[in-house]
Each structure stands twice: as structure tokens, then as C-alpha cells.
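One structure below.
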Amino acid sequence: MRGRNAGSKENLVAAHYIVNQFQEIGIKPFFDSTYFQNFRIFTNVACRNIIGIIEGNDSLLKNEYIIIGAHFDHIGYKLVDDSVVVYNGADDNASGTAALIELARMLKEKEGHLKRSVLLVAFDAEEQGLYGSKHLATQMPIKNIALMVSMDMVGYFKKSKKLYLKGVATIKNGKKLIESIEKPEHLKLQTERFELSVWGATDTEPFAKLKVPTLHITTGLKSPYHKPEDDADRIDYIGLGLISEFMAHFVEEFANNEKVKPSGKLSPKHDKDNALFQWGVVANIGESSLLYSKSAFRSGKSSFAFAGGMFMQFNFNFIALRPEFLYENKSFYFPSTLHYSSDPVKINTQAITLPLSVLLKLEFYSNSYFYLGLGGYYSYYFQAVKNGKFMDFSNETYHHHAGIQGSIGINIHQISMSAVLRNELTPVLKHSPIVRDRAIFLCVSYSF
Ligand SMILES: [Zn+2]
């Protein structure tokens, strides 16, 4: 065998081996007369998923599927100085494939006692870019998939000491549900809310992107990843046995528990709206006015203000960091009492303003949250006009300004709306009683 690269004859040998195992165990093919789901990648390379089914016994729930997948392909071989170096991919992912076959054997015993239908899928062409799982995801009635699981790299329990279940937050009460499942005495589980690593793409991804609850089950990146040393002699077979045993209980629970529902939450990695990094455009309209800090004077009358520009947002769970880059145009009236004059003095300023806020998010639905923002800003005034005349930056006003800002808002998917208060800490005018600017804006932003 020269590895199991998608499209190679060695890959086909492995595919037939899995089919033979399914047949021997008595797993029915998902399609009328074949386990193969054929598809092509790149320029006509023939690939195939292998799909067996254990039909559910409940007249309604049998139309819902629990998909248990493991990719059986790997990266094949390479020629180094005219000699063949084979990448056997024992952990990645012969281990998951072996667990899948073992699981099939154990589930066969439970046939007739499972309410939902269980699909056992050996995915092809994962290493090339998740092509097998992408293909199945486009061919299935997505709403009927109750859960999709990828067992990818499960052969190193002895080293990892834990079996990771990544993505429990995509299932309603997922963590509780999973922790209630019977497991072998020596198996330790570690649940993680989401799959987060950008390096760890596995077959869950095409399903997760369609909002199907998904779990990546793995002993982690403990093997010599994508190296020829990832070989059979390093696999922890006892651990692999424990994992298969646990998976049989796991499938039984998920196939029979009528409360299994999606949580509506997705990993930021699978969800464009809720990405770790976002950017977009923002527009603000509002009003600004001048305030006296220490005096009996009334504050000046407010006038129109607006701003617009770009924002970036870095999301870390319920906290986000949001820098903005804005053009800002503000007008305000001087308190007329200062001048003992009834003619109002109007000032207009144009500035580049750079706010930076920390947002505290309270999520009420997937990608939808209320937030409170606190932060500061720097403003560079590049033009100021008083009653129609340019003001002199060396004598009358300042270029550099800074202040604090607070906001309250709501974000629904890509759109957010908020109210922002920007309070300047630096004075507006030279040679004058200290007056500071305060602006209130209604903001709308759209993230791409
Ligand atoms: Zn893999």
C-alpha cells in the first residue's frame, strides 16, 4: 500500500476493504444497491464516500440522521531521491476509520432499538479540501441531520489522556447531555464549546457552515502529523477500543433522545457573521454642543454632527475590541452669554477621529447580541470655521483632541445599531474659558 491518496488505486483498495467490513457486519448500504457515493474532484479524479445506514425504528424520528463520519483517505506517498516514502496516516485517519468499523459492529447489535437513523460514513478526499464531506452535505436534506460527528485522529489516547469532543455548544444542552452518557471507566472526556483552531479543519466544516450541530472527536494533534512516522505501531489500540465503546453509547443516546436539538450557535470559525475578525463600514449622525466645566454659564446650543468611516472588530467570546477610523464633522454654538451678545457664534470642525472601544457582549441568539462599549478616542482637527471664517490653529484652537466614549447597542448578524456619547477631555479653544465638546450619535454599521 502506498498511502490512500484520493483517486489512487490504493485508496480504492481501502474503500473496498471498508465495504467488505460493512457487508460482513451486516450494515445496509445507504443507496439502493451500493455503499459508494461517487464524485469527482479537480480535473476528473474519481473519488467516493462509503455510506452505510442503520435505519431508525421510530416512524417520525427515523427520518432524522445521526451522521458518524471518519475520512479514510490520507496523503499517499512522495518520491524522495528516487525512493518511495509512504505516508500511512495511521492516526490520520486510519484510526477514525477503524473506530467507525468497530462502531458499526457494536451498533449492529442495537439495530431495531434506535429511533433515529444512523449513517456511517467513510469520507474520501478530506486531505485535498474536505471534498467528500462537502459532497455529502450538498446531497442531504440538511434539516433532517440531527448531528454530524467527525472522528478524526483518535489513535493517541495514551498520550493525550483525554478524548476531546469539540463543538458541544452547537447542541442544545450538549455538554450536559454528553456528560450523562455511560463511558468506559478509564476513558476521560474533555468537552469544548466549539472547534476553534484554524489548523484543525475536519469533515464537520461543510455541515457546520449549514448550521448543523457538529462535533469533532479526537485525541488531538499528538501523532507525527502528515509525516511518514505516523504509523500503525504507534497507535494506542486499547484507547481506540475504549473510544469505540464510548461512541456506541454516544450514538445510542443521540439516536434515542428526543430532546436533541441544535442550539443555534456556531463556532466563529464556521460562521461568517461571527468571525474572530470583522470589518465594515459605519455611519454616525447626531449633534454636538459645547459644555462649560466650571461656570454658571449655560452650555451652548447644540447643532448637527455626523461621521463616517471604517471599523474593525476583534471578537473574543463576550468581549470585543473595536477600533474605528472616522471622518467627523461637528458644529456647535458658543454660549451667547459669554459674549454678551445675542448673535450666536457658530463653530464647525472637521476632524479625523480614531475611537477604540472594548465591547461587552450579551448574546441572545447566534450572532445577535446587546453590547456596552467603553473606550477613548483621539481626534485631529484639520479645519475649524467660526462664523464663516477659518480659525487659526496657532492662536484660536488646537489640532489635537482626545476624549472618552461610551456606547450601547444591538448587533443582529451583520448589522449593528448603537447610541454613542463622545465626551472631549481637551479644551476646544485657546485663550478662553475652558469649553469642551460633547457629541451624541446614532450609529449604524455593516460588517462584510
Ligand atoms: Zn485528518
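Worth a mention:
- Ranking of TYR35, TYR327, TYR77 by neighbouring Cβ atoms within 10 Å, starting from the fewest: TYR327, TYR77, TYR35.
- Only helical runs count toward this figure. For the chain, summing -39,500 (n - 2.57) over DSSP H runs of n ≥ 4 and dividing by all residues gives -5000 deg cm²/dmol at 222 nm.
- The Cβ shell under 14 Å around LYS330 holds other residues with a net charge of +2, Lys and Arg each +1, Asp and Glu each -1.
- Cβ-Cβ distance of HIS413 and ASP82, R₀ of 51 Å, FRET efficiency by 1/(1 + (r/R0)^6): the value works out to about 0.40.
- Its relative contact order, with pairs defined as Cα atoms under 8 Å and 6+ residues apart, puts the stretch 272-447 at 22 percent.
- The Rg/Rh ratio for the stretch 137-231 is 0.99, where Rg is the radius of gyration of the alpha carbons and Rh is the Kirkwood radius.
- Spatial offset of the stretch 1-59 relative to the stretch 392-448 amounts to 62 Å, using the alpha carbon center of each.
- Of the DSSP H helices in the chain, those whose Cα atoms cover at least 18 Å axially and whose Kyte score averages 0.0 or more: 95-108, 237-256
- Inter-part distance where the stretch 149-171 and the stretch 226-267 are each reduced to a Cα centre, Å: 6 Å
- The chain - percent relative contact order, Cα under 8 Å, separation 6 or more: 12 percent
- For the stretch 9-256, the mean projected area of the C-alpha convex hull, equal to one quarter of the hull surface, is 13.4 nm².
- Each of GLU424, GLU126 was scored by other Cβ atoms within 10 Å of its Cβ. Arranged with the fewest first, they read GLU424, GLU126.
- Fewest-first ordering of VAL121, VAL212, VAL85 by other beta carbons within 10 Å of each residue's beta carbon gives VAL85, VAL212, VAL121.
- Ratio Rg/Rh [Cα only; Rh per Kirkwood] for the chain: 1.19
Each reported figure results from applying straightforward, stated rules to the coordinates on display, with no laboratory input. Fair warning: this is a prediction, and the values are worked out from it, not measured in the lab. So basically every Cβ, Gly included, is an ideal-geometry build from the backbone, and we count neighbours across all protein chains shown.
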